[in-house]
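A.B. asks: My structure is below; once you've seen it, I'll send some questions.
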Amino acid sequence: MPIPLVNSIASWFLKKRFHQIELFLKYPNEVQNELLLSLIDFAKNTEIGKEYDFASITDYKTFAERVPIKNYDGWQGVIERSRRGENNIFWPTPIKWFAKSSGTTRAKSKFIPVSEESLEDCHYAASKDLLCMYLNNNEDSQLFTGKSLRLGGSKELYKENGTIFGDLSAILIDNMPFWAEFSSTPSNKVSLMSDWEHKMQAIVDETINENVTSLAGVPSWMLVLLNNVLETTGKENLLEVWPNLEVYFHGGVSFVPYKDQYKKILHSNQFKYYEIYNASEGFFAIQDQNNSDELLLMLDYGIFYEFIPMHIYATSEEKAIPLDEVELNKNYAVIITTNAGLWRYKIGDTVRFTSLNPYRIKISGRTKHHINVFGEELIIENAESALKNVCKRTKSEIVDFTAAPIFMKGKEKGAHEWLIEFKTPPKDINYFNELFDNALKSLNSDYEAKRYNNITLNKPTINIARPQLFHDWLKLNDKLGGQHKVPRLSNSRDYIDELLKLNS
């Protein structure tokens, strides 16, 4: 299809869709309230709908009073019944697909329901919107002259009791329209390979001779792939391999620790980075502006949002608030009600709002992945910002890291222990540590207070990880692949002790 025709079709779709986007931008709270009531009405005759008498719920207040907030453990029983083929439990249309998600924990896998509605009206709708927003902001884009290199964490899809489970990316690829494969690389056959290490080389071999114009995938694993591309081709710059490469759509983990490394292998000030915020449970937000680090919360994908202020999260005072009650620059745990039948579900992420008109957010971390043993409330966003700052000043580069508390013993103060794998280590690790400690103090007043005169916390301890340590740990735990992540921060020493033992 000629490129001008493709662009004119995209432009037509863009204008049509922008009218709908303008609606939720102008009336965000009304759109969300109407969405909630439609979800409740649609599911009123399900088992869950009857249990909480959805038929008599006419407003958010009643919904919040009647329906409890739950995490995956609270939903596991009914999800397992649904996986065995039972229908109409929490969603009226049959649930055929379940996204297998292990996150960062060692716990058993989660199986997140994916309905036909969430596939079409959430995941695929978001993919189209992402392209729309990008093309709207970059009218001279040549995106459709080539292919998108997609890197999913796909393993095979497994059939069980008439239902199917696998990585979300495998489900999405399996349900894509046939024409979508023509605009993507690698082929579905390679994308769905289960052996991650063989798959990486297969992707390299299949894509280096393609005209790749965009990249899509998790930053940590994409970086491994791109370095393999450079090694295989003997090039120093990705634009020597793919001269028409113009944008990287990324999500899954924070881009902050990786951005400088991408700039180093791209050598282009014109290259664009677009962040997305999606998960097995749904697609939540999209970067809607060039050169921005904020994400527009998408309010019409069949997902109703609530938020728990983190200062009361997991306390006796825990209470969720709707979108119209959030405040700027406060940390919130995200609660969702979705068109796949998850009702008031804790997804485990935290965000803060950078704008209330429209509603824009930054992902600040995970509810479980922070360190607050000593009242320091250190979140991933603090850690990554501090490390980026210090790496710049010491001309060092990081591959991966994790941190955990050193607990108080007797009269000994507590501390944080860090395990960092460097691509380019600093010349002086003690100077690095001093800068890092000061950077954390400047970013987090609670940490600064606990560090004042070593009153509660001693200075951090930094261990240098051997090359490939985190890769080997993930492989040992069968967690290689695009959707698996190294746990950054923890209130326990489980991860770090395992890694330190592997590091010795």
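The values are calculated or read from the model by the stated rules, or taken from the named source; none is laboratory data. Being a predicted model, the structure only gives us computed values, none of them experimental. No Cβ is skipped: glycine too gets one built from the backbone with ideal geometry, and neighbour counts run over all protein chains shown. Surface accessibility is based on the protein's heavy atoms, side chains included, excluding ligands, DNA and RNA. Shrake-Rupley method; radii C 1.70, N 1.55, O 1.52, S 1.80 Å.
A.B. asks: Within segment 450-460, count every residue that is more than 17 Å from Trp418 (Cα to Cα) and either outside any loop (DSSP other than H, G, I, E, B) or not β-branched (Val, Ile, Thr) (or both).
C.D. replies: So the answer is 4.
A.B. asks: For segment 308-340, enumerate the residues that are touching a Lys or Arg at 6+ places or on another chain (Cβ under 9 Å) and assigned to a strand (DSSP E or B).
C.D. replies: Selection gives Ile308, Pro309, Leu328, Asn331, Tyr332, Ala333, Val334, Ile335, Ile336, Thr337.
A.B. asks: Mind listing whichever residues of segment 350-379 are open to solvent by less than 20 Å² (accessible area, probe 1.4 Å) and within 16 Å of the chain's Cα centre (by Cα)?
C.D. replies: Listed by number, the residues that qualify are Thr350, Val351, Ile361, Ser364, Gly365, Thr367, His369.
A.B. asks: Sticking with this one: From Ile95, Ile112, Ile79, grab the single residue that is touching an Asp or Glu at 6+ places or on another chain (Cβ under 7 Å) and under 23 Å from Tyr158 (Cβ atoms).
C.D. replies: Result of the check over Ile95, Ile112, Ile79: Ile112.
A.B. asks: Which residues, taken from segment 447-470, are open to solvent by 60 Å² or more (accessible area, probe 1.4 Å) and touching a Phe, Trp or Tyr at 6+ places or on another chain (Cβ under 7 Å)?
C.D. replies: The one that is open to solvent by 60 Å² or more (accessible area, probe 1.4 Å) and touching a Phe, Trp or Tyr at 6+ places or on another chain (Cβ under 7 Å): Ile464.
A.B. asks: Moving on. Give the residue that is farthest from Glu30 (Cα to Cα), with candidates limited to residues of segment 60-90 that are of a type in the set (Gly, Ala, Ser) and surrounded by 17 or more Cβ atoms within 10 Å (Cβ to Cβ).
C.D. replies: Residue satisfying both the conditions and the ranking: Ser82.
A.B. asks: Counting just the residues of segment 204-222 that are out of contact with any helix residue (DSSP H, G or I) (no Cβ under 6 Å at 6 or more places or on another chain) and assigned to a helix (DSSP H, G or I), which one comes out modelled with the lowest pLDDT?
C.D. replies: Ser220
A.B. asks: Looking at Tyr447 and the list (1) in a helix (DSSP H, G or I); (2) without any contact (Cβ under 8 Å) to a residue 60 or more places away in the chain; (3) not hydrophobic (A, V, I, L, M, F, W, C), which single condition is not satisfied?
C.D. replies: (2)
A.B. asks: Now for a different question. Please determine, by comparing only the residues of segment 282-324 that are open to solvent by 20 Å² or more (accessible area, probe 1.4 Å) and aliphatic (A, V, I, L, M), which one is farthest from Trp97 (Cα to Cα).
C.D. replies: Applying the filter and picking the extreme gives Ile312.
A.B. asks: Right, another one. Yes or no: Leu499 in contact (Cβ under 8 Å) with a residue 24 or more places away in the chain and either open to solvent by less than 50 Å² (accessible area, probe 1.4 Å) or assigned to a helix (DSSP H, G or I) (or both)?
C.D. replies: The answer is yes for Leu499.
A.B. asks: Separate question: Tally up the residues in segment 341-385 that are out of contact with any Leu (no Cβ under 9 Å at 6 or more places or on another chain) and among the hydrophobic types (A, V, I, L, M, F, W, C), please.
C.D. replies: So the answer is 3.
A.B. asks: What are the residues in segment 402-446 that are among the hydroxyl-bearing types (Ser, Thr, Tyr), in contact with a helix residue (DSSP H, G or I) (Cβ under 9 Å, 6 or more places away or on another chain) and surrounded by fewer than 17 Cβ atoms within 10 Å (Cβ to Cβ), if any?
C.D. replies: Thr424, Tyr431, Ser442
A.B. asks: Still on this structure: In segment 243-273, how many are farther than 16 Å from Asn138 by Cβ and of a type in the set (D, E, K, R)?
C.D. replies: Total meeting the criteria: 4.
A.B. asks: I need the full set of residues from segment 420-434 which are farther than 24 Å from Ser220 by Cβ and either among the aromatic types (Phe, Trp, Tyr) or assigned to a helix (DSSP H, G or I) (or both), in order please.
C.D. replies: Asn430, Tyr431, Glu434
A.B. asks: Moving on. Going by the structure shown, is Ile203 open to solvent by less than 50 Å² (accessible area, probe 1.4 Å) and under 25 Å from the mean Cα position of the chain (by Cα)?
C.D. replies: Yes: the conditions hold for Ile203.
A.B. asks: Could you please find all residues in segment 262-281 being touching a strand residue (DSSP E or B) at 6+ places or on another chain (Cβ under 9 Å) and open to solvent by 10 Å² or more (accessible area, probe 1.4 Å)?
C.D. replies: Hits for segment 262-281 are Lys264, Phe271, Lys272, Tyr273, Glu275, Ile276, Tyr277, Asn278, Ala279, Ser280, Glu281.
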